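Asker: I have a structure here, written as structure tokens, and I will follow up with some questions on it.
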2 protein chains.
Amino acid sequence: MTEQLPYGVFSTGALHRHIGVAIGDQVLDLTSVVDEAALRSTTLNAFLALGRARWAEVRAEITELVADPANRQRIRPYLHPLSEVQMHLPFDVADYVDFYASEQHATNLGRMFRPGEPPLPPNWKHLPIGYHGRAGTVVPSGTAIVRPTGQRKAPDESSPTDGPTRRLDIEVELAFVVGTPSDLGTCIRTADFADHVFGVVLLNDWSARDLQSWEYVPLGPFLGKSFATSISQWVVPLAALEAARLPIGAQDPEPLDYLHDTENWGLDIDFEVQLNGQVVSRPRYRGMYWSPAQMLAHLTANGARLRTGDLFASGTVSGPGRDEVGSLIELTDAGRAPITLADGSTRAFLEDGDVVTIAATAPSPAGGRFGLGEVTGTILPAVPRRR
Amino acid sequence: MTEQLPYGVFSTGALHRHIGVAIGDQVLDLTSVVDEAALRSTTLNAFLALGRARWAEVRAEITELVADPANRQRIRPYLHPLSEVQMHLPFDVADYVDFYASEQHATNLGRMFRPGEPPLPPNWKHLPIGYHGRAGTVVPSGTAIVRPTGQRKAPDESSPTDGPTRRLDIEVELAFVVGTPSDLGTCIRTADFADHVFGVVLLNDWSARDLQSWEYVPLGPFLGKSFATSISQWVVPLAALEAARLPIGAQDPEPLDYLHDTENWGLDIDFEVQLNGQVVSRPRYRGMYWSPAQMLAHLTANGARLRTGDLFASGTVSGPGRDEVGSLIELTDAGRAPITLADGSTRAFLEDGDVVTIAATAPSPAGGRFGLGEVTGTILPAVPRRR
């Protein structure tokens with residue numbers, strides 16, 4: 001991670017939370033080397049609020065600082081090996097919205113959750129469907145995930161029971177971090193996407209499928225998702241993704257005017273999902289039906305304001321191939337076709353002790369691809385309820 | 001409003017935001033008369049975080065201060081007429097959750113949104129259904145509500161259009177303000193409700209029914225609600241509602257253990273809904289199926305943590321009578337039976353310029369009933385989209 005200069009919040013034995021950028025296997029402490037008060041904070045929020053022009057200036061300054069060998073002596077005291085720092089949630093999350101922008105994922109899930117009905121609901125190709133998730137349980141990569149307990153009722157059970165989820169799953173997503181806020185009543189045009197969105201993180205939308213399928217009609221997912229949502233520790237600026245930009249695919253029917261998008265925020269980002277160290281899927285972001293600029297335009301179409309720290313996610317990234325899907329429920333055909341791991345064990349859904357790591361890459365302007373960090377989590381056993 | 005001593009945040013020409021309690025038609029500035037650093041803030045959040053024991057001490061101190069005539073001289077400089085202060089959002093909202101706890105409302109809405117299906121979904125009597133709303137668009141009473149624009153498609157239209165909502169509605173709700181946070185992985189027992197919840201506000205969950213009905217399958221309400229949610233300016237402590245506590249009604253089937261509730265948080269709170277100064281409905285909270293203690297236990301049943309400033313609402317309060325419902329869509333039978341106002345005009349849904357005011361009362365320990373403040377808003381015309 002050199003040229004992308006992602007931002008994060010780190011601490012060491014001696015330093016409380018400082019803002020830094022990752023450079024190779026080191027982190028550069030920005031509090032002392034860049035003259036910007038907003039960077040002397042324990043979260044990125046104040047910096048995110050500065051807006052696009054200042055983001056660009058600071059990035060240019062850091063780029064120069066790092067590129068010029070004459071500065072090596074000057075910055076040396078502010079470089080820390082990544083292996084020796086602890087990373088934290090990079091920003092305080094304001095509102096968290098999750099979309100559902102992969103046609104393949106929505107089709108796969110629709111078949112499983114609503115058998116006998118058309119898999120895509122009638123609205124799906126007219127608007128990017130989304131809903132609000134729980135901002136307070138967004139956690140940084142590395143946070144252990146306790147298996148959630150809750151109500152679940154299988155179709156063949158006559159009444160629900162309370163217990164640890166039996167269908168703990170992942171969702172591989174790309175998420176967008178809002179910097180510049182907007183006023184109540186303002187709709188953000190697709191063309192203004194990069195004025196408001198600072199950058200991206202990788203996101204794992206942990207899902208308890210049995211809780212979700214029992215609870216979600218009619219008001220949507222709630223406890224099946226709200227126990228934890230993991231994000232990567234580094235926010236990669238949009239400015240680092242110029243070489244990844246692509247046109248989005250054809251949309252039929254033509255979206256309404258407010259969703260019209262020519263900004264090429266389709267993104268050439270390739271994910272890799274590892275379960276206990278073994279690659280089990282390689283979803284590609286480029287096939288997503290709705291662009292993030294369309295998501296943002298829709299999110300604000302009713303005048304809902306944006307706040308610095310708002311986070312919105314793409315929804316599960318799934319392609320047409322079995323090895324391109326972003327969730328276990330798709331990978332294992334709702335658990336009917338478990339996968340076999342290298343140690344000979346099988347998985348329909350996650351077991352206690354399992355480690356899931358999602359990584360991603362994007363094209364570098366210099367050729368080749370660079371990493372966007374990773375988001376990882378280990379499953380811990382459920383905790384019995386207190387009486 | 002004397003004995004309830006509700007908390008709010010006010011400013012005057014001379015004072016920036018201060019925390020005060022309402023006493024009759026005055027507000028007592030607490031920053032100088034109570035020795036508590038958390039009260040010298042521009043929001044209630046630091047005070048809410050202090051926890052139940054300290055809430056009780058401060059309430060006792062204020063009660064004594066106000067009750068003893070010997071203190072009159074001392075507090076006089078810190079009393080301001082309510083008519084001369086400006087009120088603000090009393091606390092920063094962390095996560096906002098909306099429940100759906102009135103059987104009558106859920107039945108009425110189910111009939112209209114899913115005709116031909118059983119009006120209550122199969123899960124409704126097993127768990128208090130809820131979903132996350134947008135915390136960033138919770139606004140204080142008095143904030144003007146701009147008619148939202150968005151996608152809507154009537155059943156007889158072949159494709160959606162983008163435009164101002166044609167079915168702007170209200171939802172009369174009681175909402176609960178979380179003070180004491182909890183750790184990730186902790187389920188809050190119903191018996192611990194009052195350790196975490198500081199008090200209540202009145203809430204109007206403005207709803208664009210046409211946007212909502214088009215968007216809500218399968219992930220729940222989103223833009224039909226997220227444009228604005230109004231709350232009253234004063235937070236009434238639970239401590240002021242002791243005389244309002246009632247057992248909840250019979251629940252059949254018996255809820256699962258984690259929802260078992262003997263805490264009597266059914267509440268004798270009566271609402272009054274005025275449209276342009278005319279009372280159009282009188283919903284009563286006492287008929288709600290799920291108690292707020294059950295809502296909180298469910299919200300955290302999967303280990304989701306609470307943060308200070310979390311807000312959760314009851315869902316629309318509707319009783320069996322036509323004059324007891326908490327929304328226009330129920331009051332006017334989905335617009336088919338408009339109501340007639342005193343000026344001879346009719347309303348199926350809200351028109352530009354309409355003023356909606358929701359007030360409520362609860363029993364006073366001394367006999368009679370006291371007011372819980374009000375939540376009001378005026379509808380402004382839609383703003384054309386920027387191109």
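Laboratory data are not the source of any read-out in this text; all were calculated from the coordinates shown. This structure is a prediction, so every number in the text was calculated from the model and none was measured. Here the Cβ is made from the backbone with ideal geometry for all residues, glycine too, and neighbour counts use every protein chain on show.
Asker: Semi-axes, largest first, in whole Å: what does sqrt of 5 times each Cα gyration tensor eigenvalue give for region B:213-361?
Answerer: Over the Cα atoms of region B:213-361, the ellipsoid semi-axes are 30, 19, 17 Å.
Asker: May I ask you to derive the relative contact order of chain B, considering only C-alpha pairs under 8 Å and at least 6 residues apart, and to give it as an integer percent?
Answerer: Relative CO of chain B lands at 21 percent.
Asker: Let me ask something else about it. Calculate the spin-label point distance for B:GLU3 paired with B:ARG54, positioning each point 7 Å from the Cα along the beta-carbon direction, and give it in nanometres.
Answerer: Modelled inter-label distance: 2.8 nm.
Asker: From zero up to wherever the largest Cα-Cα distance of region B:3-42 sits, split into 5 Å bins and tell me the percent of pairs in each.
Answerer: Percent of pairs per bin, in order: 6, 26, 32, 25, 10, 1.
Asker: Whose amide H sits under 5 Å from the amide H of A:LEU267, counting only residues 5 or more places off or on another chain, with H placed in the peptide plane?
Answerer: For A:LEU267, whose amide H was placed from the backbone, the distant partners under 5 Å are A:LEU246.
Asker: From the label point of B:GLU157, set 7 Å from Cα along Cα→Cβ, how far away are the matching label points in the other copies, in nm, ordered shortest to longest?
Answerer: In nanometres, ordered from closest: 4.2.
Asker: Relative to the other copies, what are the label-point distances for A:SER11, with labels 7 Å from Cα along the C-beta vector, expressed in nm at one decimal and sorted shortest first?
Answerer: Once sorted, the set of distances for A:SER11 reads 3.4 nm.
Asker: On average, how much area does the Cα convex hull of region A:171-227 cover when viewed from any direction, in nm²?
Answerer: Here the figure is 5.6 nm², rounded to one decimal.
Asker: Helix B:103-113 sits at what angle to the longest principal axis of chain B, using alpha carbons and giving 0 to 90 degrees rounded to 10?
Answerer: With rounding to tens, the tilt is 30 degrees.
Asker: Along its principal axes, what span do the Cα atoms of the protein assembly as shown show, with the longest given first and each in whole Å?
Answerer: Cα extents, longest axis first: 76, 62, 56 Å.
Asker: List the residue from chain B whose beta-carbon is nearest to the axis that rotates chain B onto chain A, together with that distance in whole Å.
Answerer: That would be B:GLY220, 1, residue then distance in Å.
Asker: Using the beta-carbon distance between B:GLN251 and A:THR107 and R0 = 45 Å, what value does 1/(1 + (r/R0)^6) give for FRET efficiency, to the nearest 0.05?
Answerer: 0.70
Asker: Please give the helix A:52-67 orientation as an angle from the longest Cα principal axis of chain A, in degrees from 0 to 90, rounded to the nearest 10.
Answerer: Its long axis makes an angle of about 70 degrees.
Asker: So for region B:134-209, what are the equivalent ellipsoid semi-axes in whole Å, largest first, each being the square root of 5 times an eigenvalue of the Cα gyration tensor?
Answerer: 36, 16, 11
Asker: Once you place label points 7 Å from the Cα toward the Cβ at A:ALA194 and A:ASP162, how far apart are they in nm?
Answerer: With each label point 7 Å from Cα toward Cβ, the separation is 5.2 nm.
Asker: Now for a separate question. For region A:82-168, just list the percent of Cα-Cα distances falling in each 5 Å bin from zero outward, please.
Answerer: 2, 10, 12, 14, 17, 19, 14, 7, 3, 2, 1
Asker: How shielded is A:134-147 by partner chains, expressed as the average number of their Cβ atoms within 10 Å of its Cβ atoms?
Answerer: What the average comes to for A:134-147 is 4.
Asker: Please report, in Å, the Rg and the Dmax of region A:7-88, where both are computed over Cα atoms only.
Answerer: In order Rg, Dmax, the Cα atoms of region A:7-88 give 12.2, 34 Å.
Asker: Determine the alpha carbon to alpha carbon distance for each of A:LYS125/A:LYS153; B:LYS153/B:LYS225; A:LYS153/B:LYS125; A:LYS125/B:LYS125; A:LYS225/B:LYS225; A:LYS125/B:LYS225 and list only those over 23 Å.
Answerer: The pairs that break the limit, which is 23 Å between Cα atoms, are A:LYS125/A:LYS153; A:LYS125/B:LYS125.
Asker: Treating only the Cα positions of region B:96-380 as identical point scatterers, give the base-10 log of I(q)/I(0) from the Debye formula at each q in 0.09, 0.12 Å⁻¹.
Answerer: Scattering profile of region B:96-380, log10 relative to I(0): -0.40, -0.73.
Asker: Could you work out the percent of alpha carbon pairs in region A:1-149 separated by over 28 Å, rounded to a whole number?
Answerer: Looking at region A:1-149, the distances longer than 28 Å represent 41 percent of pairs.
Asker: Considering only the label points, 7 Å along Cα→Cβ from Cα, what distances in nm to one decimal separate B:THR186 from the same position in each other copy, shortest first?
Answerer: 3.8
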